[in-house]
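These notes concern the structure reproduced below.
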Amino acid sequence: MAVIIRTHKLPKNLNVHNVYGEMQRELEKYVKDVKLDFDATVGTWDRKPVFQTDVSVLPDIVSVKVWTDDEIYGYVDKGTRPHIIRPRKPGGRLFFKVGGTPKTQPGQDTAGPGSPGTKLVAASEVHHPGTKARNFTKEIRLHHQKDFYNRIDKAIRKWARESGHSANV
């Protein structure tokens, strides 16, 4: 799962190398804010996924990426279809507790305390109803999209002021 926010091609007349450095510095700060939102989605998880970040400022594209390869995060973020769970060993049993509440809910962007189930159940297989998608990635992207463009604009304006290329920017 990844959030990738990109601009379209940058103006061709913006060929002064220092502006790219200014954008890189501004977006390095910005990507930390995006990552904090991802960290909040798993704040109460026992096994927290690791989120990685990347900022790329090139002449033809500017992008910020936050992602994880964590399989469980993917299941929670994108949801799962109904599926059957069986024991690893043929003829074995599955043991689990029921009656708890999940730490995350659709429409929430942070993890809560949740609660473990209290009733122990044993089964030879489970027909899991699937997991409703939490859509963390989509919500975080929507939340940060406008700020991304504002940060690029801020960096270009700062570069223009400091370089003397524009007194009115």
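The values are calculated or read from the model by the stated rules, or taken from the named source; none is laboratory data. Keep in mind it's a predicted model, so treat the numbers as computed, not measured. When we count neighbours, we look across all protein chains shown, and the Cβ atoms used for this are built from the backbone with ideal geometry, even at glycine.
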Query raised in the report: How many residues are under 17 Å from Asp37 (Cα atoms) and either of a type in the set (A, V, I, L, M, F, W, C) or touching a residue at least 60 places away in the same chain (Cβ under 8 Å) (or both) when one looks only at segment 79-112?
Result: 5
Requested in this report: Say whether the condition of being of a type in the set (Ser, Thr, Tyr) and in contact with a Leu (Cβ under 9 Å, 6 or more places away or on another chain) is met by at least one residue in segment 109-129.
Outcome: yes
Report task. Search segment 46-69 for residues that are modelled with pLDDT of 90 or more and pair each with any residue that is part of a strand (DSSP E or B) and acidic (Asp, Glu) when their beta-carbon atoms are under 7 Å apart and the residues are at least 6 apart or on different chains. Result -> Lys65/Asp54
Query raised in the report: Counting only residues that are surrounded by 13 or more Cβ atoms within 10 Å (Cβ to Cβ) and of a type outside the set (Gly, Ala, Ser), how many does segment 122-136 have?
Result: 6
